[in-house]
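The values are calculated or read from the model by the stated rules, or taken from the named source; none is laboratory data. Since this is a predicted model, take the numbers as computed values, not measurements. For neighbour counting, all protein chains shown are included, and Cβ atoms are generated from backbone atoms with ideal geometry for every residue, glycine included.
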Amino acid sequence: MPRALPGYEHIKRYWDHHNDSSIAKILPGEYYVTRHDEVLVTVVGSCVAACIHDNVSGIGGMNHFMLPHSTLDKWEHTSVSTESRYGSFAMEYLINEILKYGGKRKNLEVKLFGGGAYYEKYGKYWAKKY
């Protein structure tokens, strides 16, 4: 299995013998950057995962974040950092880490996943509030 970049040793990683691949599992509030050909996985519903890849250097990563900040924060007393659990911060952290390890902003490709049923459930509240 390829060695994780410094600062990402805490991410759960394992070898998938069926697909002959290294897998990194990204949990809510986490992000991961790699130079290697690894499979990055997560599960999202109302959360969002962003996959960002420099298509020239090959460095890329994934984050898993919640949408708007809430005063009722069920993650407040966990190891999930405030900075990486909300979109505006999580995207900045991931992009900066990719750039730090050699990615170029002009080469970045982004794919977003998740956010399902969030606005259906909370849309009326946010429409009234904002």
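Structure above, values below:
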read-out	value
Tally, over the range 91-130, of residues that are part of a helix (DSSP H, G or I) and either within 16 Å of Y32 (Cβ to Cβ) or at pLDDT 60 or above (or both)	13
Enumeration of residues in the range 1-19 that are within 16 Å of the chain's Cα centre (by Cα), loosely packed, with under 15 Cβ neighbours inside 10 Å and in a strand (DSSP E or B)	K12
Pick from the range 29-52, criterion under 13 Å from G115 (Cβ atoms) and of a type in the set (G, A, S), ranking: surrounded by the most Cβ atoms within 10 Å (Cβ to Cβ)	A49
Residue match in the range 70-90 (condition: closer than 27 Å to W15 by Cα, outside any helix (DSSP H, G or I), out of contact with any Phe, Trp or Tyr (no Cβ under 7 Å at 6 or more places or on another chain) and at pLDDT 90 or above)	no
Restricting the range 20-50 to residues that are touching a Lys or Arg at 6+ places or on another chain (Cβ under 6 Å) and part of a strand (DSSP E or B), the residue that is farthest from M66 (Cα to Cα)	A24
